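In what follows, a structure is listed as structure tokens, so that the remarks can point back to it.
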Amino acid sequence: MSERPIVSQEEMQRQREYMRQVRGLSGRPGSYHIVSMGCQMNARDSESIAGMLEEMGMVREEVRERADLILYNTCCVRENAENKALGNVIWLKELKRDKPDLMICVGGCMTQEKGMAATMKARYPFIDVIYGTHNLYRLPEYIYRRLSGGEPVVEVFDMDGEVVEGLPERRASRHSAFVNIMYGCNNFCSYCIVPYVRGRERSRDPEEILAEAARLLDGGVQEITLLGQNVNSYRGGGAEFANLLRRLDAMGVPRIRFMTSHPKDLSDELIAAYGDLEHLMPALHLPVQAGNDEILQRMNRRYTRERYLDLVRRLRAVRPDIGLTSDIIVGFPGETRNQFEDTLSLVREVRFDAAYTFVYSPRKGTRAAELPDPVSAQEKSAWIQELIALQQSISLEALSAQVGRRETVLVEGASTRDSGSLGGRTPRGHMVNFPGGAELTGRFVEVEITSAGKNTLRGRRIEEE
Ligand code: SAH
Ligand code: SF4
Ligand code: F3S
């Protein structure tokens, strides 16, 4: 993997100048609302976008309809993600009719799809700015151009992105932070559109990552989740991923997590890190996708069922309490009932804490989209229901096994389900709800687990003497 040039300081300076100019424009949007779809990478990008919009003088507006600028950070990994984004855009047309000054920006993975920006420009001329995944840092310039009387801006770069450092940011949480370590993907799993819309792998310089972590720690962050489509391919400054983890661990980041890790290149060093890094949480998202070798091969995953199971055994040998989670695709083109049953048996064997399950969705331009796909949508839907029911029973057992334990929970905030309750995660990543006041947000508290539900645990706080 080659390292890419960092977007130049001069260019970043130019964009900062645009932010300043937008701030000074009369009649510029006063408030913004970002709709962030898709994965954590998009969530992290949205924090940078929010930072730029705030530098331009805008304030965050929680209610979308009230905002002067609405930005959609889109996802296209499955068809329903794309439909959701497009459905939203059509709805915006109505909103803009009532509110002509409303500024609409659409970017992210969907707009980066081949031909998509041009189609959107023709169909939805009311969008003010359309940009892609490689030029997010130019948003200030595009917004300035449009606000100072220019035509709607449609700009999507074909070339792979460079690495951007030094964007302003407005973090969603004060105690838990996402830190990008690499961008893009080279794996080309045959069903997946991500490599086409996010470009080739490129790593951030480890010193930049460590400096960011140090700033976050200074600001009171307790948990850092490192992000990349395949963090095992991290090669910043020639160093491998486990090395970066060691350095972060030595800095004393209280909780370290990461995602996502590809089973084909999960290294011995990384497995060893689970055995000896104090701050690396005993949790790993290791998407298996399927349990049958032929399907794995046609998915271009480059590991076998046995190799995956071996990784699981080795991880559990060094860290018996590790919580494993997974992504699984049901109904890949040509998958038979027998092959699907191999996925069921793998799930029974591994006993994931949780799994995200998806019915295969053909994505234009990917190799799998060309394969014959004889199984009906109805049948696939019956299969996925079967898988979900199996996983739910396993998740419930995994959660039930935690009852009676004493856990250190990092409090994330008020529970979304019941008021007067807090929600926080155990080291293994289980969500625990327990009675407590909001002042505990961002703190570590000791909790005794009292009962288990389908997806979450309940507990009570143990007051320290
Ligand atoms: N880089 C990560 C995941 C990125 S996409 C990884 O390799 O694990 C998140 C998940 O979406 C994938 O793990 C996969 O399970 C699912 N996915 C991707 N493309 C899909 C498609 N075309 N249809 C259904 N699910 C898909
Ligand atoms: Fe997609 Fe595979 Fe890359 Fe993950 S590793 S982003 S599933 S191509
Ligand atoms: Fe993420 Fe969706 Fe893009 S899953 S990388 S936002 S296509």
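Of note:
- Gain on full extension, evaluated as 0.36 nm per residue between E207 and R174 minus their Cα-Cα distance, stands at 9.7 nm.
- Among 90-101, 27-38, the peptide with the highest mean count of other Cβ atoms within 10 Å heads the list, and the full ranking is 27-38, 90-101.
- Charge dipole (debye, nearest 20) of the chain; +1 at Cβ of Lys and Arg, -1 at Cβ of Asp and Glu: 700 debye
- Rounded if a/c under 1.5, otherwise prolate or oblate - segment 7-115, Cα gyration tensor axes: oblate
- CD proxy at 222 nm, helix term only [per DSSP H run n ≥ 4: -39500 (n - 2.57); per residue of the chain; nearest 500]: -11500 deg cm²/dmol
- Prolate/oblate/rounded call for segment 39-101, Cα gyration tensor, a/c under 1.5 rounded: oblate
- Here the label points at R307 and T119, each 7 Å from Cα along the C-beta direction, are separated by 3.5 nm in the simple model.
- Among C109, L136, A122 - extreme Cα towards positive end, dipole of segment 104-163, charges at beta-carbon: A122
- Gyration tensor verdict on segment 111-219 (Cα atoms; rounded if a/c is under 1.5, prolate if a/b is larger than b/c, oblate otherwise): oblate
- Considering only S36, L248, Q289, and ranking their Cα positions along the charge dipole of the chain that arises from unit charges at the beta-carbon of Lys, Arg, Asp and Glu, the one farthest toward the positive end is S36.
- Estimated FRET transfer efficiency (V59, E341; beta-carbon r; R0 56 Å; 0.05): 0.55
- Size-normalised alpha-carbon gyration radius of the chain, reference 2.2 N^0.38 Å: 1.01
- Ratio Rg/Rh [Cα only; Rh per Kirkwood] for segment 117-164: 0.99
- Pairs from K84/K114; K380/K454; K264/K454; K96/K364; K84/K121 whose Cα-Cα separation, in the structure shown, is over 27 Å: K264/K454; K96/K364
- Dipole-positive endmost among A317, N338, V359 within segment 300-362 (Cβ charges, Cα centre): A317
- Cα centroid of segment 1-75 to Cα centroid of segment 346-405, whole Å: 36 Å
Rule-based calculations on the coordinates, nothing more; no lab input. All figures in this text were calculated on a predicted structure; none of them were measured in a lab. Heads up, the Cβs are rebuilt from the backbone with ideal geometry, glycines too, and the neighbour counts pull from every protein chain shown.
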